[in-house]
Amino acid sequence: MLLIDTPSVRDPAMNLALEEVLMRRFQGGEPLLFFYVNAPAVVIGRNQVPYVEANMQHVMRWRATVLRRMSGGGAVYHDPGNLNFGLLQGRGADPFPSPGDAVRPVLNSLKALGLPAHLNARHDILVDGMKVTGTAQYRAQRKSLTHGTLLVSADLGRLQQVLASDSDVPAYRGRGSVRSPVSNLIRYRPDLTMAKVRAALIQSFAAYHGRVTPVVPDPADWSAARALAQSKYRSWEWTVGRSPEFQLRRQARLPWGRSEALMQIRQGRVTRIALTLPQGAPAALAQVAAHLEGRRYHPDVVAREVQAVGLVQGMAGLAGPVADWLCSPNRWWQ
């Protein structure tokens with residue numbers, strides 16, 4: 001078994017990109033184990049809506065980011081107290097390993113540390129009924145990537161905050177997360193450190209797959225990962241535009257009174273918008289709604305369209321508040 005460990009790389013976009021690059025170039029043969037630790041981030045599944053899964057105010061407050069990974073499953077929180085692992089395996093003549101089979105060494109490592117760990121039907125690892133590991137799997141071209149999180153000493157208060165959505169999403173397609181009570185390993189073994197957990201994992205994977213040989217990505221892998229992190233994992237197109245269809249309701253108290261916008265968003269574009277306005281609201285707001293239909297739901301695009309209508313309809317002084325009402329100016333995906 002080969003092992004890549006990147007403890008000095010804390011950029012979530014870079015680690016997700018490197019994981020994808022390694023999978024693309026993986027040729028089968030020896031399994032490849034990958035460890036990484038990220039700066040604060042909410043990582044959502046491939047088929048999830050970020051507004052459903054993350055609290056954008058707390059994401060910005062804690063200077064975190066929201067990213068979409070290439071596998072399915074639910075949203076997870078990463079921070080320096082969370083050890084992430086990925087396991088690349090080739091299919092060969094055998095069926096793909098289930099996520100449960102793939103993470104069996106993780107389960108065994110926790111038992112070796114004296115923790116009463118077990119695997120549930122969703123392939124999560126629990127200790128005393130509390131979730132400490134969540135997993136997801138991606139399969140392509142006779143290869144599988146099983147990756148997961150391991151809560152060692154994460155900030156659980158922030159985890160609870162950033163994973164409690166502050167958006168009003170009346171309806172959406174895709175998969176919502178299954179919320180579970182979580183805990184850190186240090187709750188049960190206060191002496192545990194990242195180094196001790198890493199060592200236990202390596203020993204367990206070696207017992208399961210054979211001797212572990214440390215390797216490093218070559219310069220071409222790093223170069224490809226940097227390019228992919230920028231073009232995909234930090235992009236609006238992947239993080240927001242890739243979302244399944246959803247509705248988003250935004251409300252604000254503006255100079256003319258409380259106003260509401262209900263937007264239908266598909267493939268990152270506003271397909272329909274309905275405004276609920278008090279008496280005395282500017283008539284030009286109807287023009288704003290008409291201009292936004294078919295446009296990308298991106299703060300720059302929304303601000304530009306509102307400004308364009310405002311300049312024509314005498315609303316220029318209100319363009320900023322109206323744009324912020326319709327679309328948050330925060331760039332939580334970067």
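Things to note:
- Filtered by the rule that a residue be surrounded by 23 or more Cβ atoms within 10 Å (Cβ to Cβ) and either without any contact (Cβ under 8 Å) to a residue 60 or more places away in the chain or out of contact with any Gly (no Cβ under 8 Å at 6 or more places or on another chain) (or both), the stretch 52-63 gives A54, V59.
- Options A286, A290, A227, A308; residue that is assigned to a helix (DSSP H, G or I), surrounded by fewer than 17 Cβ atoms within 10 Å (Cβ to Cβ), among the hydrophobic types (A, V, I, L, M, F, W, C) and in the same structural domain as P40 (by TED's automatic domain parsing): A227
- Of the residues making up the stretch 177-218, those that are within 17 Å of L16 (Cα to Cα) and surrounded by fewer than 13 Cβ atoms within 10 Å (Cβ to Cβ) number 2.
- Residues that are surrounded by 13 or more Cβ atoms within 10 Å (Cβ to Cβ), among the aliphatic types (A, V, I, L, M), in contact with a Leu (Cβ under 6 Å, 6 or more places away or on another chain) and closer than 27 Å to D11 by Cβ are absent from the stretch 232-254 altogether.
- Test: residue in the stretch 87-101 that is under 18 Å from the mean Cα position of the chain (by Cα) and either under 30 Å from P219 (Cα atoms) or among the aromatic types (F, W, Y) (or both): no
The values are calculated or read from the model by the stated rules, or taken from the named source; none is laboratory data. Since this is a predicted model, take the numbers as computed values, not measurements. Cβ coordinates were reconstructed from backbone atoms using ideal geometry, including for glycine residues, and neighbour counts include every protein chain displayed.
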